[in-house]
Amino acid sequence: MDSRKKSAGFTLVELAIVMIIVGLLVGGVLKGQELITNARVTAAVKQVKGAEAAVLTFRDMYRALPGDMVDANMRIPHPPGVPQGNGNGNYQLDNGPGFPPDEEGPFFFTHLWLAGLTTDINPIQGEAAWGGMYPDAKIGSCGLHPGWSLGRNADFANAVPDNAPMMGLHLTFTRTPRAVLESCMTSNHAARIDTKLDDGGPITGSVRSYFTEGGCHEGSGGIYMESDTGEDCGLFVKIQN
């Protein structure tokens, strides 16, 4: 009888099988993360396009811009507890992030919601957090804030670098409702959204970054720094002239 003990180590074949399994697991995790990222970018783009379509429909229905409508409390039915406000009817949205609550922006999405044109908000909750009078965006730490790049809205007019400001109605991806412009997404997310909606450049077209320094994009070259993993980007997205 052979009394020699068998070796307890793995054979090369067994090690190869283990390495293959580990590789498949890692590949599956990375692929899953990529699918999640793509889904979030697609959802954020869908929100923007949905808001744009809703504004066009609202204008057809009421011959007015949501938020700017002078007699909204008389023309749009609204249940008790829903904040309602009228605009001045100048076909501009006279506010942007950081402007006082008596401006028109807080009622932009509320008018769309009351008209049955969006479900992304619950204005009964008020405007203190995303999901109240402003939508919670489907990407990063962002929400969507409306504004107009004309007149007193210096944030929109001056923050776009190296080019003439984009005039017209915008949605802004930013971190805090009614605050100053704050970054809320990674450069990779911003680049993907820009590519799906516009030209992929952070300082040109109808989608632009509002930060020139840090991890969002390289200012002089107009290239998103997609390897940066911090939430260093915020975007202006023009949806109406």
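Out of the residues in segment 171-193 that are under 11 Å from the mean Cα position of the chain (by Cα) and outside any loop (DSSP other than H, G, I, E, B), which is nearest to D232 (Cα to Cα)?
Checked segment 171-193; the qualifying residue nearest to D232 (Cα to Cα) is M185.
Kindly list, by first and then second residue, each pair from a residue in segment 67-79 that is surrounded by fewer than 14 Cβ atoms within 10 Å (Cβ to Cβ) to a residue that is among the hydrophobic types (A, V, I, L, M, F, W, C), limited to pairs with Cβ atoms under 9 Å and residues at least 6 apart or on different chains.
Every condition considered, the pairs that remain are V70/A64; D71/A64; P77/L114; P79/L114; P79/I124.
Has segment 110-117 got at least one residue that is of a type in the set (G, A, S), at pLDDT 85 or above, under 21 Å from L169 (Cα atoms) and surrounded by 14 or more Cβ atoms within 10 Å (Cβ to Cβ)?
Taking every residue of segment 110-117 in turn, at least one turns out to be of a type in the set (G, A, S), at pLDDT 85 or above, under 21 Å from L169 (Cα atoms) and surrounded by 14 or more Cβ atoms within 10 Å (Cβ to Cβ).
Among all residue pairs at least 6 apart or on different chains, which show Cβ distances below 9 Å where the first residue, located in segment 225-239, is buried (at least 19 other Cβ atoms within 10 Å of the Cβ) and the second is part of a strand (DSSP E or B) and aromatic (F, W, Y)?
C233/F173; C233/Y224; G234/F173; L235/F173; F236/F173; V237/F173
Among (1) over 19 Å from S141 (Cβ atoms); (2) out of contact with any helix residue (DSSP H, G or I) (no Cβ under 6 Å at 6 or more places or on another chain); (3) crowded, with 18+ Cβ neighbours inside 10 Å; (4) at pLDDT 90 or above, which single condition is R208 missing?
All conditions are met except number (4).
In this structure, does D60 turn out to be part of a helix (DSSP H, G or I) and either modelled with pLDDT of 85 or more or not hydrophobic (A, V, I, L, M, F, W, C) (or both)?
yes
Out of curiosity, is A159 buried (at least 16 other Cβ atoms within 10 Å of the Cβ) and either modelled with pLDDT of 90 or more or touching a Pro at 6+ places or on another chain (Cβ under 6 Å) (or both)?
No: the conditions fail for A159.
Just to verify a result, which residue in segment 107-138, among those that are over 15 Å from V55 (Cα atoms) and not in a loop (DSSP other than H, G, I, E, B), is farthest from the chain's Cα centre (by Cα)?
Filtering first and then ranking leaves I124.
The values are calculated or read from the model by the stated rules, or taken from the named source; none is laboratory data. The structure displayed is predicted, hence computed values, not measured ones. Cβ atoms come from the backbone with ideal geometry, glycine included; neighbour counts cover every protein chain shown.
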